[in-house]
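Chemist: One structure follows; several queries about it will come next.
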Amino acid sequence: MLKAALPARFLSSPGPGGWRRRQRTRQRSLQPVSAALMTNPTSFEVGRLLGSYGFMNITSYSSSQSGGLPNIAGIQDLSLGYSPEEIERLRVQDVGEGEVKIRLYEGRVVQGPLKGTQTVFKVYPGAIAGASEANLMALNELRTHAFLQTDAKYISENIQFLLGAFETATGEQWLAFRDDGRYSAADYAKITSEMQLKERPNYWNPYDRAYKLELRRYFVLKLLNGAMCGLVHMHNHDRLHQSLGPSSVVLNTVAEKNGYYLLPQLRDLAFSVDIGYSSLGVGALSEGLWRRASAAGASTPLEKRAFGVADDIYGAGLLLAYMSFIPFCKAGIMDGISLQVADYSLALSS
C-alpha cells in the first residue's frame, strides 16, 4: 500500500550533498529540512504507548425527523421569522463514533541524517482486524502530507511534519511524525479552565489577574493565528482539512508564559479532501461532503469547491469560538456543544 501511495521521489532519503544544501536552507528560512519520507521500519525505534483515540464521523445528512428544528436550548422558542418550508430546508447531522481506533507511540529515528529526531507514531489498525476504512484513512493522510511536503521550500510550519511511513506484516499502517508537541488545543483549554477553579485572588498584587489575562489572550491569539495559517496553506494547495477542531491542533507548549515560543500545527488529515478541479467529487471519504454540497444547491465544480472551502471555514469558526470562550471560563460553565448550538441559532437569526 505504501509504495503504491508515494511518488518515486519519496522512496529514498536525500544524499549527503542534498542534505547539506537543505540544511543550509533551513537555517535561512526555518522550514523543515527535507520533504523525503523514510519508508524502512528499521529507520525507527518505537517507545512507549502514549494513548489511543477514535474519530467522530458524520454518518448521514438528512432533514429533521420532526419536520423542523430540534428544540435544543430553546431554539424552537425563538421567533426567527422563518416559514415551515424554510425550516425544513435546514439539515441536521447524525454523528456517530467511528470504528477506527488510533494508537500513539513515542519513538525516534535511529538511522540516516535525521538520526536522533524524536517522533510520534500514529498507528492505524491492520487488515487482519478488518479495518478497510482505516486503510483508506491512513492512505489519505499519507498522500495529503506527501503532497504538502513535495517542495521543501513551501512546507508550512503550521502543519504537522511527516517523517516517514511503513506497513507491518499484520497490515497496520504506521505514520511517523516529527515530535513538535504532544498537547492539543483541547488539552490547553481543559487545563486552563480547570486551573481557574483553584485560583485565589492575589491581594498583594491587584494587577496579577490582568497580567494573567493578557498572557492568555496573547497565547490564544497566537494559537488561532497558527491554525488559520495552516488552513490557508492547505486551501492554497487545493486541500481541505475536514476535521478541524481543538483536538486537531497540536501545540509544543501549554504554558502561557512561553507563548512567544508557541508553535501550533494542524494534524489529523485523514479526512482531507482534494479540491483540485480534476478531483472534485472523487474519493470514498469525501462522499458526505459532496452530498451536502449538492443538497445546498452546488452543482458546478466552482460551486462545489466554494462549498468545500466554506465548510472548512465553518469548522475554523467553531474553533475560534471554542478558544475564545473555554480557556477564559471556569470548567463546567461552557462546553463545545453549547457553543455549536449557539452558533447554529445565531446563523439562523442572521
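Chemist: Non-local amide H neighbours of Ala331 (under 5 Å, H modeled in plane, Pro and chain starts lacking H): which ones?
Modeler: Glu194, Gln196, Leu197
Chemist: Now, a different point. With +1 on each Lys and Arg Cβ and -1 on each Asp and Glu Cβ, how big is the dipole of the range 183-349 about its Cα centre, in debye rounded to the nearest 20?
Modeler: On the way: 16 positive and 15 negative charges, 84 e Å.
Charge dipole, the range 183-349, about its Cα centre: 400 debye, nearest 20.
Chemist: Normalising by the residue count of the range 183-349, find the relative contact order in percent from Cα pairs under 8 Å and 6+ residues apart. It would help to have the intermediate numbers written out before the result.
Modeler: Working: 183 pairs, mean separation 50.7, N = 167.
About 30 percent, as a whole number.
Chemist: How large is the direction-averaged shadow of the alpha-carbon convex hull of the range 127-245, in nm²?
Modeler: Numbers: hull surface 42.4 nm².
Computed as one quarter of the Cα hull surface, the answer is 10.6 nm².
Chemist: Go through Lys122/Lys212; Lys101/Lys190; Lys153/Lys222; Lys101/Lys153; Lys257/Lys330 and tell me which ones have a Cα-Cα distance over 30 Å in this structure.
Modeler: Values: Lys122/Lys212 35 Å; Lys101/Lys190 22 Å; Lys153/Lys222 23 Å; Lys101/Lys153 34 Å; Lys257/Lys330 20 Å.
Checking Cα-Cα distances, Lys122/Lys212; Lys101/Lys153 exceed 30 Å.
Chemist: Also: Return the loop-located GluC sites (Glu not before Pro) in the range 147-234 (DSSP other than H, G, I, E, B) with at most 12 other Cβ atoms within 10 Å of their own Cβ; answer none if there are none.
Modeler: Answer in residue order: Glu199.
Chemist: Give me the number: length gained by fully extending Leu50 to Arg216, i.e. 0.36 nm times residue separation minus the C-alpha to C-alpha distance, one decimal in nm. Don't jump to the answer; show the numbers that get you there.
Modeler: Values: separation 166, 0.36 × 166 = 59.76 nm, distance 2.74 nm.
Result for the pair: 57.0 nm of gain on full extension.
Chemist: Residue by residue, what Karplus-based ³J(HN,Hα) values in Hz, rounded to whole numbers, does the range 186-201 have, using 6.51, -1.76 and 1.60 with θ = phi - 60° and x for Gly and Pro?
Modeler: For the range 186-201, the Karplus curve yields 5, 4, 4, 4, 5, 4, 5, 5, 6, 5, 5, 5, 9, 5, 10, x Hz.
Chemist: Next question. Rounded, prolate or oblate for the range 230-338? Axes are the square roots of the Cα gyration tensor eigenvalues, ordered a ≥ b ≥ c, and the cut-off for rounded is a/c under 1.5. Please list the in-between numbers first.
Modeler: Working: a/c = 2.90, a/b = 1.83, b/c = 1.59.
Here the range 230-338 falls in the prolate category.
Chemist: Taking a label point 7 Å from the Cα of Leu197 along the Cα→Cβ vector, which residues of the range 312-333 have an amide N closer than 12 Å to it?
Modeler: Those under the cut-off are 330-333.
Chemist: Can you pull out the chymotrypsin sites (Phe, Trp or Tyr not before Pro) in the range 123-228 whose DSSP state is coil and whose Cβ has at most 15 other Cβ atoms within 10 Å?
Modeler: Values: sites: Phe147, Tyr154, Phe161, Phe166, Trp174, Phe177, Tyr183, Tyr188, Tyr203, Trp204, Tyr207, Tyr211, Tyr218, Phe219; in loops: Phe161, Tyr203, Trp204, Tyr207.
Answer by residue number: Tyr203, Trp204, Tyr207.
Each reported figure results from applying straightforward, stated rules to the coordinates on display, with no laboratory input. Please read all numbers here as calculations on a predicted model, not as lab measurements. Cβ sites come from the backbone with ideal geometry, for glycine too, and all protein chains shown count toward neighbours.
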